[in-house]
Structures are given as structure tokens and as C-alpha cells.
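The values are calculated or read from the model by the stated rules, or taken from the named source; none is laboratory data. Everything numeric here is computed off the predicted structure, so don't read it as measured data. Backbone-built Cβ (ideal geometry, glycine too); neighbour counts: all protein chains shown. With ligands, DNA and RNA removed, areas are computed over all heavy atoms of the protein, side chains included. Shrake-Rupley method; radii C 1.70, N 1.55, O 1.52, S 1.80 Å.
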Amino acid sequence: MKIKQLLYAVPMVLFMGCQAESSKQTTDEVVDNGTTKEAHRLLYHFTPPSGWMNDPNGMVYHDGEYHLFYQHNPDSTVWGPMHWGHAVSKDMVQWEHLPIALYPDSLGTIFSGSAVVDLNNTSGLGTADNPPMVAIYTYHNAEGERAGRNDYQTQGIAFSLDRGRSWTKYESNPVLPNPGIRDFRDPKVSWNEEAQKWIMALAVADHISFYSSKNLKEWQHESDFGQGIGAHGGVWECPDLFKMQVNGSGAEKWVLLVSINPGGPNGGSATQYFVGDFDGKRFVLDEQFSADVDEKGIWIDYGRDNYAGVTWSNIPAEDGRRLFMGWMSNWKYANVVPTEKWRSAMTVARTLTLAETSEGLRLLSNPVEELEKLYQNEYTLESQAVASALDISEKMPFRSPALQIDLELELANADGEFAVELSNDQDQKILVGYDAAKNQYFIDRTKAGTHKFSDEFAGIHYGPRLASGAVHTMKLLVDVASVELFADGGKTVMTDIFFPDEEFTNVRLVSQKGNVRINAGKVTDLKSIYNGSL
Ligand code: FRU
């Protein structure tokens, strides 16, 4: 965070000259450059070919392509003058890297924001036949900040008429000037059918402000939400507002995602959410959710490494999914993690659903089924009781640092504990498990390898269980330097990164204080998204 703050102050002149287009780079070329052999390079998660990356931005589906823009400093592996990097995918799994979409200009560097397809050409920036893709982002003016002004963050727009390949900044930016508030950023815009207007959710210091517009160019303030509600251990950032069906009922609710930094449940950055209703003007908390939420917050992911995530815009109605992706890092150490040419990865794309749990209405996350395209070999576990440890990988006909592990486990005693242990032969390991006495899932990365780079890194992270009964389902996605846990069908989700000196390819199930029974289980190794081999 300190480095980040320091770099906010880098003079604009340092990067005003770098407008040249970066050359188009495909995942194949990344392999040709040998980068999949780099230490800690993930095999099936999105990473920038080189340079720094943070938040996903402008996620929008258009014409058969999922667009992923991202906070990017192309000239360094630490946070700095922000650009929008760009990639497209047909399946959210295999990505094609495209040239940088948005460069800093005289109004500032390009902070986080969203993109929409303006299907009715309400902005007039395209035509009825060729509707524009419009990006709405925050200008961060470092000079203004240095000068001690409060109004250095404003909102601007840019448009593309060629499927996001080239971008033109709107001539009358900013479209939303700053009213004198230091933290005023990360616009997430969507079309509101009922109000027949665009709605912008904007992070404003300790709350979310909602603005509306008929044309994406003129914005009116509608309402504010969040002061004194939910977690407030840090500044509010990167909101998202969307409508969801409640699983198994015709009911509809609105969900508001709010990232906060610091103040997450396990320290540092994390994303909380609220369930309620939105009438085109005002977000009002659902009564039950309002009773459940306190200053501890309710989180989309209880791990340390899922931040600033938002959902894709313009997903076709016939698909109907609410698709999410987050930045797999934490501002506590993001700038110093031990990768060389690049920094940070995204989570896998996830489908969000809203369902009743033992704790009330909650957001569930699960990996998108498109990931199945990467499945290679599968190893099925026999149903059996495990008294202390079972070496799973010993019997597997394959080894890989890129695995999906699916388990249905049954815990005999109320104070029992079990964990999947991923390790290397240097006795470095990460444990992903459940502690019955605490009724919490956990990820223990205290011995997961290098953590000298930051004394904020090592630790055990906990997430509450939102299901009851002795049977637990656990899906783990493991990829070289990351693990994502989806427990009880996505009710508890935890994402953590790690940096072992040698890849983790040993898998064991360990149990403490009595038996855990494997009812069913399988391990699948996942192909790299690069066309080369390991
Ligand atoms: C979140 C964030 C955003 C901001 C961006 C700057 O991680 O701090 O609020 O727009 O990163 O890179």
C-alpha cells in the first residue's frame, strides 16, 4: 500500500510519451518466449505477459467475445501510471492478448471502471447498425493530488466501433467532474430496464453513490448507500450492482459488491456484498440481510487473494449467468510478491448465484463450466475412511501443479479437522481444510514456501461454513501459485496465493482427531492455456 501511495505521485511526464501501441501478443507467443517456464507463472489463470496488473476492468461480452481489460503498468512490475491492458476470450479460459486499450492523457492516468455495449446508441457515439462499446473509467490526476487538491479523480468515457480493437476518448471528458472528494472512483455502469436509464455505481470514500444517465455523457446523482453499514476498515472501492434471481424461487434481488482496502476478514483487501432492492434510484437493504450484516461484513470470498472483482456486462439473456472475476492478490503485498517479469493473476471466471443457506440469503461462487475444456486425466478415489492421512498422489498415474480436486467428505466427530495438503519434497506445503470446532474452513499457508518478501504474507485464513451436516463437498482449483476453494457447492469460497521453491505436486488428505470418510473423490489435471507443454 505504501508503494502504491508513493507511486500515485509519479510525475505525469514520465509516461506521457509512451503512447506507442504495444505489439499484439498471443498466448502462443508467450510460450515461445518461454514464459510458462518462469517461476510461479500460472498455467490456466489469466496473467499479463509482462508488467504489472491489478483490478479487472471493463469486463463486457460482445459479438462472441469476453473482453477483459485490466489495471496495467506496462513499464514496470510494480504499480504505477495506470493503463487499461486488454485481452479477449471466446470462453473465459483461453485468452488472446491485445494492445493496450487506454493510455494516460492530460486528464490523468486510467483507473478502474467498466464497459458496456450501448445497444441503442443512446450516446450517439456509434450508429444504430454499429453500436459503440463504451468504457467508463476514472481519471486519476497525480499532479492535482500532489498539489493538495481534493478533486483529482473524475470519470471519463471512451468508445470503440471495432469490437474493442481501437479506442477514442470522448472529446468532452470528464463526463462526471469531482465534487471535492478525494476518493471518487471505479464507475460500474449498467442499463436499468425499469428506469430506462444507465445507472452508475461509484465508490465515494466510505459509501457508494448512484448516478443515472440517458446517454452515458450527462450524469445525475440519485442516492448514496453504505455509511455505517457493513465493513468500513478501509476505503470503499470497485462496486458492482446487479439483479439476480433467488435460486429455486421466482424472487429477484439486487446485489451490491463493494471491495474494501484494508479491512478484509483476514486482513488487507477483500470484497463484501449486500443484498437488497434497487428501484432505479436507491439501493435498500433486504430486511433479513440487514439483520445479518454488521461491521464484520459478509464477503464474497474469505481468502486473502480475491480483490476488486466485478461481473461481466452484456451477457446475453439466453446465457443468463452472472459471471465474475477478481484480482488474485492483496494490496498488503501485491507489489513485492516474488515473480519476475509480471505481477498478479486473475481468479478463474466464476458463476455467481444467490441462494438460501443456513445463514440466510447468500452469494455462491463456482468456477465456470468452460474450465472443463482443460480437463486431461482423471483419477477416481475409492470410498474409504481416513484415520490420519491418505497419500492421494502416490497412486495417481499423473502429477501436476495444475489440478482440480473434488471431494465429498464426511466428518465423524464434532471437534474433528481435515485438510487437503499440497506439498513438494522440500516439506513446503499448503493446507486447505475444515476445523469443526470453529465451524470454519481454512487455508494455512504458514509453510507454503517463500514469504520473506513480506511479513504480512504467511498465515492461516478462515471462512465460515454456511451449511450444516457432516457431509462436506470441497472443490479445489490448484494452479502453481494459487488455490481456490469452493466448499459446500460454493457457499464458502477462499482464494489464496503461495510461492513454493518447487511446485506442489504431492496431494494428501490429512485428518486430526478421528476419522474422515471419503464418500467420493476425484483429481483431474488441467491443461495449460498455453499451447506449449510444461
Ligand atoms: C483497487 C484500486 C481502485 C483504483 C485502482 C488503481 O485495487 O485501488 O480503487 O481505481 O486500484 O489502480
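Structure values in brief
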{"quantity": "Residues whose placed amide H lies under 5 Å from that of Val310, excluding near-sequence neighbours", "calculated": "Met325"}
{"quantity": "Segment 493-534 shape via C-alpha gyration tensor axes, a/c threshold 1.5", "calculated": "prolate"}
{"quantity": "Tensor-based shape of segment 363-496 (alpha-carbon gyration tensor, a/c under 1.5 rounded, otherwise prolate or oblate)", "calculated": "rounded"}
{"quantity": "Whole-Å distance, taken between Cα centres, linking segment 117-169 and segment 216-242", "calculated": "20"}
{"quantity": "Dipole of segment 373-526, positive end: most advanced residue of Phe486, Val471, Tyr441 [Cβ charges, Cα centre]", "calculated": "Val471"}
{"quantity": "Local electrostatic count at Gln512 - Lys and Arg +1, Asp and Glu -1, tallied over other residues with Cβ under 10 Å", "calculated": "-2"}
{"quantity": "Dipole magnitude of segment 373-526 about its Cα centre (Cβ charges: Lys, Arg +1; Asp, Glu -1), debye to nearest 20", "calculated": "320"}
{"quantity": "Interchain or long-range residues, amide H under 5 Å from Val386's placed H", "calculated": "Val516, Arg517, Ile518"}
{"quantity": "Cα shape, the chain, gyration tensor, a/c 1.5 rule", "calculated": "prolate"}
{"quantity": "Per residue accessible area of segment 373-526, 1.4 Å probe, in Å²", "calculated": "38"}
{"quantity": "Loop-located trypsin sites (Lys or Arg not before Pro) in segment 431-486, at most 14 other Cβ atoms within 10 Å (DSSP)", "calculated": "Lys438, Lys452"}
{"quantity": "Violating pairs (Cα-Cα greater than 29 angstrom) within the set Lys296/Lys475; Lys281/Lys332; Lys332/Lys438; Lys429/Lys513; Lys169/Lys373; Lys395/Lys438", "calculated": "Lys281/Lys332; Lys169/Lys373; Lys395/Lys438"}
{"quantity": "Of all accessible heavy-atom area on segment 373-526, the percent that carbon and sulfur account for (1.4 Å)", "calculated": "43"}
{"quantity": "Once the Cα gyration tensor of segment 253-344 is diagonalised, semi-axes √(5λ) in Å", "calculated": "28, 19, 9"}
{"quantity": "Mean separation of Cα contacts under 8 Å, 6 or more apart, over the residue count of segment 373-526: relative contact order %", "calculated": "44"}
{"quantity": "Solvent-accessible surface (1.4 angstrom probe) belonging to Asp455, in square angstrom, nearest 10", "calculated": "150"}
{"quantity": "Relative contact order for the chain, counting Cα pairs under 8 Å that sit 6 or more residues apart, in percent", "calculated": "14"}
{"quantity": "Cα centroid of segment 343-417 to Cα centroid of segment 480-534, whole Å", "calculated": "6"}
{"quantity": "Amide proton proximity set for Gly489, modelled H, under 5 Å, gap of 5+", "calculated": "Thr473"}
